[in-house]
Structure formats: structure tokens, C-alpha cells
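The values are calculated or read from the model by the stated rules, or taken from the named source; none is laboratory data. Because the structure is predicted, anything quoted here is derived from the model rather than measured. For neighbour counting, all protein chains shown are included, and Cβ atoms are generated from backbone atoms with ideal geometry for every residue, glycine included. With ligands, DNA and RNA removed, areas are computed over all heavy atoms of the protein, side chains included. Shrake-Rupley method; radii C 1.70, N 1.55, O 1.52, S 1.80 Å.
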Amino acid sequence: MSDVEKSGFRRKVIGPKKRWRAYKARVKELPGDHRTAVESIERYLMHFVPTDGDSSAAMFDDLADLFEQAAADGTPIREVVGEDPVEFVDAFAQNYSEGGYVPARARKQLTDDIERAADNEAEAEDPTA
């Protein structure tokens, strides 16, 4: 694959590089457990490549907006994603794309990562647990 082809593919997956870097900077500023949840969802969303980079960039921007607001409001991760993170992310992604095939391994990894982040968050709130 040539550099031009790689650049076109990358732009289709993540959108403009400057916008992607701004999104990543926003995610980096989130509290630890919220950041872990967003990074897990981001990894899962890479299977849902929208038809253009603008849709992809909008999807990731909206994800950052959602978790920034949740963190600011003190909303627990489970209240954001619900009990089934795969269902949440699939519904979220449908707003931007017709989606794609997601391997069972990626579904399990997302569920495990969100569970771990939610458990860490709950332990931080209740040090007696």
C-alpha cells in the first residue's frame, strides 16, 4: 500500500489528523475510569468505519462530548453505557454508519474493559468495598 493509499485509508477511518489529535487530547484529560471506558469504546468502534472521515470524526467527537459531560456531572460509567456495553456502542455507531462486522473477541474485550472501569470507579467511590 502506497503512502497515498495509507493516508486515504487513515483519513477514512479516523478523519482529519488534526481533529483526531484534538479528540485524543480531550480523552487524555478525562478521569482514569472514564478514559478507560472511552478508549475501550474507541477500539471497538474501529470496526464501524463510516463511509467518510467527517462521519468518523463526528462520531469520536460525540463520544468525547458524552464522556466529558458524564465526568463533569459525576455520572457513573454504567449509567452512560448501561448493563450491555456492546448494545450501547452498536446503537451509538448506527447513528454514524451502517456498521461492520465485529468479531466476538472484540465484543468480549469491550464488555470486560467496561466492567473493569466500572468496578474501579465503584471502588474509588466506596473505599470500604
So if R0 is 22 Å, what FRET efficiency would residue 43 and residue 83 give, r being the distance between their Cβ atoms, rounded to the nearest 0.05?
-> 0.65
Show which aspartates and glutamates lie in cross-link reach of residue 24 when reach means a straight Cα distance below 20 angstrom and same-chain residues fewer than eight apart are skipped.
-> 33, 39, 42, 52, 54, 61, 62, 65, 68, 113
Once the whole set of protein chains is in place, how much accessible area is left on residue 123, using a 1.4 Å probe, in Å² to the nearest 10?
-> 110 Å²
Which FRET efficiency value, to the nearest 0.05, is calculated for residue 94 and residue 24 with the Förster distance at 22 angstrom and r the Cβ-Cβ distance?
-> 0.40
